[in-house]
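The values are calculated or read from the model by the stated rules, or taken from the named source; none is laboratory data. Note that the structure is a prediction, hence the values are computed from the model and not measured. Quick reminder, even Gly has a Cβ in these numbers, built from the backbone with ideal geometry, and neighbours come from all protein chains shown.
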C-alpha cells in the first residue's frame, strides 16, 4: 500500500491506497481508536481489480484533528466524502465499515447516495437492541468524569499491555490475534505517542456515537437505513464481545436490500480475523467471477 497525506477543508488525512487506477473503487472505514492500517489483511486478500482507499479518520492515526472540533458520525462522513471526491471524482464507492466506521458508513450512504455503490458492514456500531455486558466498560466511558478516569488508568498500562487488551476485546482467538495484529497495534501506538489530544478526542467521538443510540428522530441510524437502497452486506462474529450477533436478525428489517453472514468463532474484527471470508462474501454478492477456491 502507498501512503500519502491529502488536505480536506477540515483536516489533513493520512491515506493508504492499493491498486490505484483499477476500475472498482472501494473506501474502507476503521473502528474507534483504529487506523486505516486495520484493513491491510483484507486489502491484501483482494485482487488488483479494486482501487482501495483506507484513510485514518480525522484526529486518529496520523490524520490531524478536525478544525471545527465536530466528531459526530455525520461529520466523519462529510470528511470521507471529501476524500472520495478528491481521489475518485464523482465515481461511486463500495463502502466497508467496521464498528464505529460502520456507523459512519451508514451516515455516508444516507448523506451521499450519489457516491455510494454498496455497503459491507462488519460488526457495525448501530443502536444496540441487544446490549452486551462485556461492552459495559465502553458504555461507562461515555459518562462524564467516568470516562476520563478510566482512560487515565488505561494510560498507566504499558504500550504492550494496552495492545494486548485491545486484542482480547476484539478477537475470539487471542493467540491468533497476537500473532497477526500485535505488531501493527504497537506500531500505531508508537506513531501516536505525543498526541496530547487523543484521549479527549476518543471520548468525544465515543460519546457522539452513543448519542445516536438514543436519537429517536428521523436521524437515528435505523431510520436512515430505511432510505438506503444500495445492496448492503452485514458480517457479524458469533463471539463478538462488543456487538451482539443477534443484531444480524434485525438489520434486514431496516436495510431493504441486505444480506447477513454470521461467522462462528469470530469476534469483533472479522476483516482481520478471517479476511478471506469477508472478501468471499463480498465477491459472492457483487463479483462472483472473482471467487477463488483455496
- Query: Quick check, is residue 235 touching a residue at least 12 places away in the same chain (Cβ under 8 Å) and within 25 Å of residue 154 (Cα to Cα)?
  - Reply: no
- Query: Is at least one residue of the stretch 200-216 part of a loop (DSSP other than H, G, I, E, B) and more than 18 Å from the chain's Cα centre (by Cα)?
  - Reply: yes
- Assess whether residue 27 counts as being touching a residue at least 60 places away in the same chain (Cβ under 8 Å), within 18 Å of the chain's Cα centre (by Cα), within 20 Å of residue 87 (Cα to Cα) and part of a strand (DSSP E or B). yes
- Query: Where residues in the stretch 157-176 are in contact with a helix residue (DSSP H, G or I) (Cβ under 8 Å, 6 or more places away or on another chain) and in a loop (DSSP other than H, G, I, E, B), which of them is surrounded by the fewest Cβ atoms within 10 Å (Cβ to Cβ)?
  - Reply: 157
- Query: Of the residues 222, 181, which is more than 22 Å from residue 109 (Cα to Cα) and assigned to a helix (DSSP H, G or I)?
  - Reply: 181
- Message: Going by what's in this entry, would residue 38 be described as in a helix (DSSP H, G or I), crowded, with 20+ Cβ neighbours inside 10 Å and touching a residue at least 24 places away in the same chain (Cβ under 8 Å)?
- Response: yes
- Residue count, the stretch 225-253 (criterion: farther than 23 Å from residue 275 by Cα, modelled with pLDDT of 95 or more and either part of a helix (DSSP H, G or I) or in contact with a strand residue (DSSP E or B) (Cβ under 6 Å, 6 or more places away or on another chain) (or both)): 1
- Message: What pairs come out if I take residues in the stretch 12-24 that are at positive phi and pair them with residues that are surrounded by 15 or more Cβ atoms within 10 Å (Cβ to Cβ) whose C-beta lies under 8 Å away, six or more apart or interchain?
- Response: 19/46; 19/50; 19/51; 19/52; 21/51
- Residue check, residue 197 against (1) out of contact with any helix residue (DSSP H, G or I) (no Cβ under 8 Å at 6 or more places or on another chain); (2) at pLDDT 95 or above, all met but one. Which one? (2)
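Residue-by-condition table, conditions (1) under 18 Å from residue 102 (Cα atoms); (2) free of Cβ contacts under 8 Å to residues at least 24 places away in the same chain; (3) buried (at least 19 other Cβ atoms within 10 Å of the Cβ):
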residue: 178; (1), (2), (3): no, yes, no
residue: 192; (1), (2), (3): no, no, no
residue: 209; (1), (2), (3): yes, no, yes
residue: 231; (1), (2), (3): yes, no, no
residue: 243; (1), (2), (3): yes, no, yes
residue: 250; (1), (2), (3): yes, no, no
residue: 253; (1), (2), (3): yes, yes, no
residue: 263; (1), (2), (3): yes, no, yes
